[in-house]
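Data first, discussion second: the structure below is written as structure tokens.
The values are calculated or read from the model by the stated rules, or taken from the named source; none is laboratory data. Everything numeric in this text was worked out from a predicted model, so none of it was measured. Here Cβ is always computed from backbone atoms with ideal geometry, including for glycine, and neighbour counts include all displayed protein chains. With ligands, DNA and RNA removed, areas are computed over all heavy atoms of the protein, side chains included. Shrake-Rupley method; radii C 1.70, N 1.55, O 1.52, S 1.80 Å.
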Amino acid sequence: MMNSYRAVLCFAAVVLASTGCASAAELNFRSLTDYQDAVCMDGTDAGYYYKMGLANEATWIVILGGGPSDDGDSAVGSDWCWDVQTCSELFTGSNQNIYRSSQGWEDKIHVSGIFDSQHSYEELGFDLTSAHKIYVPYCSGDAWLGNQAPSSATGGLAFQGTKIVHAVIEDLVQHHNLGAAIQGEITHPIQNGDKWHTLVFGGVGAGARGAMAHLDYLDQMIPLDRVERTLAVGFFDSGLWLDLPPLKSSNYIGMAKATRSAYSMMNMQHTGELCSAHYHSEGNDDLWMCMFPEYRLPFIKVPFFLVQDQYDRHQIQLNTGLNCPTESEAADQFSDILFKRYVSYLHELAIDCATKNCAYWSSSCYTSSSTLTNRGYEGIKVFDDIHQGMNTYSVADAFEGFLNELVMLVEGSYKYKSYEFMNHCLPENSFACSDTCDQDQELDQCALIAHPLPPPAVEDKPTQALEQEVEHILETAAETEAGGVKQAVKAAERHAVQQDVSYEKVGGSNGACRTADGGDGAGGCYDLVPVDDSQECASKCTNSDDCKGYEFLTDLDNDSARCELWTCVPENTGDHDTAQCYVKKLSEPVFSMVGEKAGACRTDGGANPDECYEVTSAEDIDTCAISCKDRDDCKGYEYLPSKTADARCEIWTCAPTETAEHAVAQCFVKQSAKSEGERHTSQTALLALVAFGVVFAGYYFTRVRGRLSDQVKNTYSQHRSYQRADEEDAEIGPTIQMGDVKISTGKPSKF
């Protein structure tokens, strides 16, 4: 029976990474007995395992552990509990006491993965090879979120995950010099002569969820003078829970309901200033959502790196009650839905990461919480779609590259670029589409098939029982009809190119609208809409791409107004004393899109000279376009959307002639700044602009949960990984203050 962390972690190292524990990092145990409230569920003292680096080393890796999740254990709620009953039953059988008590913990453990990195970046001031390495074993049962002493309401159990985290950081400050002044060649730009302290703070599974909650509070745990020389970076492995209802056959309460229940019982407090203000301001009692990863992640201010598999083994097992999604058609459909939701959510995250310091890595493998193994940290690869799949990247490649650039950004020697590392797979072949998923055939039997079950034939229909099983999952997430999305798309197009709408009175005098052959349009040429006045009637026509004109009249007898929005072009009028008929006119566009798809503005040869543009902010694309339109010296503009608040707007005084790869930036040039031979917009470019508009439609027509309509989902899924070098400087977007150091973040958004 596995009765120690060493047994569990060695098991993971052998099975997942196919390596013995002898090659892993060896960490020694330190008890937190001096910290009164830092206790496990059963009241035994918590602690941590550590391996200190050299005396002048200033790189720290602190990882919060999680429960069993990638060793085939499909026990419901196996990484935490949410009420007295589930907490009393937590981790029974072979796992009893391992994750609820410190009894039986070994003096030493061996951990691989991120703790066994062989990469050094001493020239930048951080070194993962010789870093101080701290692993905090999980025994609080609360995903590190609780702040509750034992009581009758908790069944006599303690939920002190928050206190344990505080104690670990305080102990590292007091006894191991976290954040202390260290002389070195690579110095802090503010604290002259002192080294940077780079603190990687994260977790796996339940530990990742806890790290999400505590990351923004590290500056309260570390003394102010040490915060000023410490750069914190989040590292979240498999913590991104999505709010999906479970299959009924799983007998699982569901992740959202479990979180709501645990929030109350465990006295969770680190809800985050921004997240708390958002949900409290809506006048509801939904602060529990700030402990749910899908809703909390957008509000995190400190830079972070997310590792999230699109077929998260833990979530699939919990929500289906099965070890493999191949075991039932309903489970297979659930796994496909989870995959699509992850793709949508992560693409939205990529848009936000363009204006704040975050990145993510996502494979299509059926796995979870694997970065404490060499296979999970360095073995599994995902594609880099920027280079058409020519390059592949492990978590180590992506995270250490992100950390590399983040340090250079804060030091002021580098212009930030965003990262998105992700397997992009077609839905019919998405399951384990990376050829590195099945390195361990014994563990990944589920991943040996390209897709768990063949798609049913077109004429096949699920049984009634199956429909009842999955109908609550398959419902459309977006609440907006396709017509509303289409109108938003067209509005975005007109604003982008500044194509003005005007109206011309048909016939020159009053009269009712008629078609070219004199018809009154009653056969389907107009829609009758309620309005208060003629201005509102015109506005409704302007905002509808289908509207070709309108008729307005006031019914004096009934003191009411009548507005007809015409979808046929009104060309004639019929006799009427008070009716007025107008036909819509579109002006020639002021701007045209540069290139055939989304991209960042460049001059000839791909140059991006600083003297060619000014960086400002804009409320929306219309504001950015008008800023350029009203300036004689402006030759074009670049718009980088953000759902965070104000977007980035570059006013170009040189005429942009080409673009560089970027998923969401859009470049436009004034027609007057183009040569006569260039004054046309290709059909491909127009289609790209339509796709751009659909993205904006998704912004305004989706709920906070980020459940996009299929139309918007498909648009997001067409965007690929992007890298944008040397065009976004350190002043992009808002900043947060870490002591005297400002770090660019962008304000949090609702996905």
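Compare the peptides 516-528, 55-67 by average per-residue count of other Cβ atoms within 10 angstrom and give them in order, highest first. Don't jump to the answer; show the numbers that get you there.
Details: 516-528: 12.5, 55-67: 23.0.
So the order, starting with the most tightly packed, is 55-67, 516-528.
Which number comes out as Rg/Rh for region 559-646 once both Rg and the Kirkwood Rh are worked out on C-alpha atoms? Show your work: numbers first, answer last.
Working: Rg = 20.9 Å, Rh = 17.6 Å.
Across region 559-646, the Cα-based Rg/Rh ratio is 1.19.
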Too long at a 29 Å Cα-Cα cut-off: which of 133/257; 133/301; 356/381; 248/356; 163/381? 133/257; 248/356; 163/381
I need the P(r) histogram for region 208-310: all alpha carbon pairs, bin width 5 Å from 0 out to the longest distance, whole percents. 2, 12, 20, 22, 19, 13, 7, 3, 1, 1, 0
What spacing in nm lies between the two simple spin-label points modelled at residue 615 and residue 224, each 7 Å away from Cα in the Cβ direction? 2.9
At 7 Å along Cα-to-Cβ for each site, give me the label-to-label distance between residue 261 and residue 152 in nm. 2.1
Express the carbon and sulfur contribution to the solvent-accessible surface of region 252-370 as a percent, rounded to the nearest whole number, probe 1.4 angstrom. 48
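Could you give the length gained on full extension between residue 54 and residue 561, defined as 0.36 nm per residue of separation minus the Cα-Cα distance, in nm? Write down the numbers at each step before the final one.
Details: separation 507, 0.36 × 507 = 182.52 nm, distance 8.04 nm.
Using 0.36 nm per residue and subtracting the Cα-Cα distance, I get 174.5 nm.
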Nitroxide proxy distance, nm - points 7 Å out along Cα→Cβ at residue 569 and residue 672: 2.9
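Please give the peptides 295-308, 104-117 ranked by average Cβ packing (other Cβ atoms within 10 Å per residue), highest first, as a rough proxy for protection. Spell out each step's value before the answer.
Values: 295-308: 24.1, 104-117: 21.4.
The packing order, highest mean first, is 295-308, 104-117.
Pulled fully out, how much extra length does the chain show between residue 28 and residue 534, if you take 0.36 nm times their separation in residues and subtract their Cα-Cα distance? Each step should come with its number before you reach the end.
On the way: separation 506, 0.36 × 506 = 182.16 nm, distance 7.74 nm.
So the chain would gain 174.4 nm between residue 28 and residue 534.
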Percent carbon-and-sulfur accessible area, region 192-244, ignoring ligands, DNA and RNA, probe 1.4 Å: 42
